[in-house]
Amino acid sequence: MTREQRKEALRALKFLLISISAGLIQIGSFTLLKEVFGLVYWQAYLISLVLSVVWNFTFNRRYTFQSAVNIPKAMALVALFYCVFTPLSTWWGHALDQAGVNNYLIEGGTMVINFITEFLYQRFVVFRGSLDTNARAKREKKETA
């Protein structure tokens, strides 16, 4: 495995770990909103998704992609992703809920789809051309040189 391949594998692992933490936030807030506050599926889903996205973006920009990209521009690109993903996932989630599928099974499946598509989108669209450009990445590069 080349150095570049190892670096990309580590980047994918970091994204996975941060996504797991975001997933815990999403499941925790979804459960609280659904079970404690009695929101219907789509309401609980949308709120928990927003909380998860903000967490995920913040930590992946800093640690996974180590990008010094313009934050408002990057967030706008992520918002564009969610302008497509959110209506689709809300629609299929609501349809599956109405068909009697367990809400947590819907939520889990949706999170897996989100994980895969969001990693690819952030890696090749949002942070393309700005990977490893923040102060942290520059410091790490200097230390390994």
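Read-outs throughout are calculated quantities, based only on the coordinates presented, and are distinct from any laboratory measurement. Keep in mind the model is a prediction, meaning the values are calculated, not measured. Cβ atoms come from the backbone with ideal geometry, glycine included; neighbour counts cover every protein chain shown.
Find which of Asn114, Gly38, Gly100 sits farthest along the positive direction of the dipole of the chain, computed with +1 on the beta-carbon of Lys and Arg, -1 on that of Asp and Glu, about the Cα centre.
With unit charges placed on the Cβ atoms, the residue in question is Asn114.
Compute the FRET efficiency between Arg139 and Ala76 as 1/(1 + (r/R0)^6), taking r as their Cβ-Cβ distance and R0 = 25 Å, and round to the nearest 0.05. Show your work: numbers first, answer last.
Numbers: r = 28 Å, r/R0 = 1.11.
The formula returns an efficiency of 0.35 here.
Please state the relative contact order of the chain as a whole percent: Cα pairs under 8 Å, 6+ residues apart? Show your work: numbers first, answer last.
Numbers: 100 pairs, mean separation 43.2, N = 145.
The normalised contact order for the chain reaches 30 percent.
Let me know the charge dipole size of region 3-144 about its Cα centre in debye, to the nearest 20, where only the beta-carbon of Lys, Arg (+1) and Asp, Glu (-1) is charged. Please list the in-between numbers first.
Numbers: 16 positive and 9 negative charges, 192 e Å.
In debye, rounded to 20, region 3-144 gives about 920.
Students often get this wrong, so try it: which of [x] 1.02; [y] 1.27; [z] 1.16 is Cα Rg over 2.2 N^0.38 Å as calculated from the structure shown?
Here Cα Rg over 2.2 N^0.38 Å agrees with entry [z].
Would you please give the FRET efficiency between Gln98 and Leu10, computed as 1/(1 + (r/R0)^6) with r the Cβ-Cβ distance and R0 = 41 Å, to the nearest 0.05? Each step should come with its number before you reach the end.
On the way: r = 42 Å, r/R0 = 1.02.
Efficiency, from the Cβ-Cβ distance: 0.50.
Give the angle, between 0 and 90 degrees and rounded to the nearest 10, that separates the Cα long axis of helix 41-59 from the longest principal axis of the Cα atoms of the chain.
Roughly 10 degrees between the two axes.
Give a quick list of chymotrypsin sites (Phe, Trp or Tyr not before Pro) in region 32-66 that DSSP marks as loop, anything other than H, G, I, E or B, with at most 13 other Cβ atoms within 10 Å. Mind dumping the intermediate values first?
Numbers: sites: Phe37, Tyr41, Trp42, Tyr45, Trp55, Phe57, Phe59, Tyr63, Phe65; in loops: Phe37, Phe65.
Those that pass, being in a loop and sparsely packed, are Phe37.
Going by amide H atoms built from the backbone, whose H comes under 5 Å of the H on Asn134, apart from near neighbours?
HN-HN under 5 Å from Asn134: Ser67, Ala68.
Say R0 is 25 Å: what FRET efficiency, to the nearest 0.05, do Leu88 and Ser21 get from their beta-carbon distance? If you can, show how the numbers build up before the last one.
Values: r = 24 Å, r/R0 = 0.97.
Efficiency computed from Cβ-Cβ geometry: 0.55.
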